[in-house]
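The values are calculated or read from the model by the stated rules, or taken from the named source; none is laboratory data. Since we're looking at a predicted model, the values are computed, not measured. Ideal geometry is used to build each Cβ from the backbone, glycine not excepted, and the neighbour counts take in all protein chains shown.
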Amino acid sequence: MKEIRNKTLWVTGASSGIGRALSLRLARHNNIVIASGRRFEALAELQTHCPERIRVLDCDVADDAAMTAVPERLGALSGHLDMVIACAGTCEYDDDLQLDGSTYRQVFDANFFGVVNTLRSALPLLAASPAPVFAALGSLSSVVPFPRAEAYGSSKAALDYFLGAVRADLCRTPLKVVRIRPGFVRTPLTARNDFGMPFLMSAEQAAERIELGLCKGRSSIDFPRRLSWPLRLLGSCSALWFYLFAPKMTRIRRLRKR
């Protein structure tokens, strides 16, 4: 299998889940990994596995004010970045369609604006690499509209468009923009799900798929195929989705009254 080697990378969301698995995998392949997350203790524990290759940068990508200091902190750790993989994110479901604005803002701050902040912080150091890559973790939930996923799915759909627009803007530059859309991955976030998750994979398996896709130079990395292909087909035939599948998945049977 192809591997990413001898690069300097910044991975956000490295405290747990896919970000953590990617950080460990890439560090063990002789890369320098700047691992970011909100929980310094979790990052410090991660660093103990590869102390010579993992550098810790604790930050909250959803905190606009705090992120203003990150470019300087990044520069103190490395003079360039060959690759950024934005994995930080969160998930909240809207049960019974409460439409609570604070919940939606929290999800968008992490899943969308967090990626915007990450790219803004990384661009000067990516420009110092001859072949830079910016990749961000979306979700296959953006392919079709799932019940209860109004906040989460919308944030990932917005991210899809954002990455596409950035790719279009930078198409005449060396920077490659990559969209990563996994299915269900066993992480602390998905551990809270109260429904069946088809084709569930481990964070380590997801990290392997992501590294392989990046090595192959793909602009879009969707996995697993046995989930992504049917969803894409359903996404192109919305009538089938709304009349056959959505009614079986929704938990709402009547509108709430005042």
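Please verify whether Thr48 is in contact with a helix residue (DSSP H, G or I) (Cβ under 7 Å, 6 or more places away or on another chain), more than 29 Å from Gly217 (Cα to Cα), of a type in the set (S, T, N, Q) and surrounded by fewer than 21 Cβ atoms within 10 Å (Cβ to Cβ), treating the condition exactly as stated.
For Thr48, the condition - in contact with a helix residue (DSSP H, G or I) (Cβ under 7 Å, 6 or more places away or on another chain), more than 29 Å from Gly217 (Cα to Cα), of a type in the set (S, T, N, Q) and surrounded by fewer than 21 Cβ atoms within 10 Å (Cβ to Cβ) - is not met.
Cβ-Cβ distance below 9 Å, separation of 6 or more or different chains: which pairs start in the stretch 26-39 with a residue that is at pLDDT 95 or above and crowded, with 18+ Cβ neighbours inside 10 Å and end on one that is of a type in the set (Lys, Arg) and not in a loop (DSSP other than H, G, I, E, B)?
As it stands, the answer is Ile32/Arg55; Val33/Arg55; Ile34/Arg55; Ala35/Arg20; Ala35/Arg55; Gly37/Arg20, since those pairs meet every condition given.
Quick one: in the stretch 60-76, of everything that is under 20 Å from the mean Cα position of the chain (by Cα) and in a loop (DSSP other than H, G, I, E, B), which residue is nearest to Ala42 (Cα to Cα)?
Here the residue is Asp60.
Output the number of residues of the stretch 63-92 satisfying the condition of being closer than 22 Å to Val185 by Cα, crowded, with 19+ Cβ neighbours inside 10 Å and not aliphatic (A, V, I, L, M).
4
Going through the stretch 190-239 one residue at a time, which ones are part of a strand (DSSP E or B) and either polar (S, T, N, Q) or over 18 Å from Gly17 (Cα atoms) (or both)?
Ser202, Ser220
Any idea which of Val115, Val143 is among the aliphatic types (A, V, I, L, M) and more than 30 Å from Ala239 (Cβ to Cβ)?
Val115
Out of Arg254, Arg209, Arg186, report the one residue that is loosely packed, with under 14 Cβ neighbours inside 10 Å, among the charged types (D, E, K, R) and either in contact (Cβ under 8 Å) with a residue 12 or more places away in the chain or closer than 22 Å to Pro147 by Cα (or both).
When all the criteria are applied, what remains is Arg254.
State the number of residues belonging to the stretch 146-179 that are in a loop (DSSP other than H, G, I, E, B), out of contact with any Phe, Trp or Tyr (no Cβ under 8 Å at 6 or more places or on another chain) and of a type outside the set (D, E, K, R).
6
This table checks each residue for (1) over 21 Å from the mean Cα position of the chain (by Cα); (2) of a type in the set (D, E, K, R).
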| position | (1), (2) |
| --- | --- |
| Gly164 | no, no |
| Val177 | no, no |
| Ala191 | no, no |
| Gly196 | yes, no |
| Gln205 | no, no |
| Cys215 | no, no |
| Pro224 | no, no |
| Lys248 | yes, yes |
| Arg251 | yes, yes |
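Scanning for something outside any loop (DSSP other than H, G, I, E, B) and at pLDDT below 95, does the stretch 112-132 turn up at least one residue?
No, the stretch 112-132 contains no residue that is outside any loop (DSSP other than H, G, I, E, B) and at pLDDT below 95.
For a quick check of your reading of the model, give me the residue pairs whose first member lies in the stretch 219-241 and is on the phi < 0 side of the Ramachandran plot, whose second is of a type in the set (Gly, Ala, Ser), with beta-carbon atoms closer than 6 Å and at least 6 apart or on different chains.
Pairs that qualify, where the first residue is on the phi < 0 side of the Ramachandran plot and the partner is of a type in the set (Gly, Ala, Ser), are Ile221/Gly213; Asp222/Ser228; Pro224/Gly183; Leu227/Gly183.
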